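See structure below.
The values are calculated or read from the model by the stated rules, or taken from the named source; none is laboratory data. Here the structure is a predicted model, which means the values were calculated and not measured. Please note: Cβ atoms are built from the backbone with ideal geometry, for glycine as well, and neighbour counts cover all protein chains shown. Keep in mind that these areas ignore ligands, DNA and RNA; they rest on the heavy atoms of the full protein, side chains included. Shrake-Rupley method; radii C 1.70, N 1.55, O 1.52, S 1.80 Å.
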Amino acid sequence: MTISTHVLDASVGTPAAGVSVTLSRLAGGWLDVESGVTDPDGRHRFVADTPAGTYCLTFATGPYFAARAVRTFYPEVAITFSIAEADDATAGKVGNVHVPLLLSPFAYSTYRGS
């Protein structure tokens with residue numbers, strides 16, 4: 001299983017390129033798995049294999065908005081989610097969990113993407 005994300009800046013209606021994002025896994029405490037930066041289309045796919053468990057994507061939104069001289073209420077956005085154990089129907093299949101972030105300086109939303 002892999003994890004990907006897509007960040008859209010709703011305040012300007014474009015992808016949010018250049019946002020640093022860190023993937024962490026809960027294992028007795030939070031352990032960083034991998035970090036990256038969104039591409040020009042606002043996307044990033046982590047290459048690390050992610051077994052069932054609890055994960056967190058932490059987006060460095062403060063530097064993203066500061067680079068645009070935009071004041072923001074959220075210096076970072078952390079999205080915590082769980083990946084369930086594979087069942088018999090999905091066992092052995094390589095899949096992807098997609099976690100989009102719709103961002104603005106004073107609000108954000110997320111959902112389980114496809």
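General remarks:
- Residue list for the range 61-80, filter: open to solvent by 30 Å² or more (accessible area, probe 1.4 Å) and either under 17 Å from Thr110 (Cα atoms) or in a loop (DSSP other than H, G, I, E, B) (or both): Ala67, Arg68, Ala69, Val70, Arg71, Thr72, Phe73, Tyr74, Pro75, Glu76, Ala78, Thr80
- Condition met for Ala16 (aliphatic (A, V, I, L, M) and without any contact (Cβ under 8 Å) to a residue 60 or more places away in the chain): no
- In the range 19-38, the residues that are buried (at least 16 other Cβ atoms within 10 Å of the Cβ) and part of a loop (DSSP other than H, G, I, E, B): Val19, Thr38
- Matching option when the condition is modelled with pLDDT of 95 or more, on the phi < 0 side of the Ramachandran plot and under 14 Å from the mean Cα position of the chain (by Cα), among Pro100, Pro40, Pro105: Pro100
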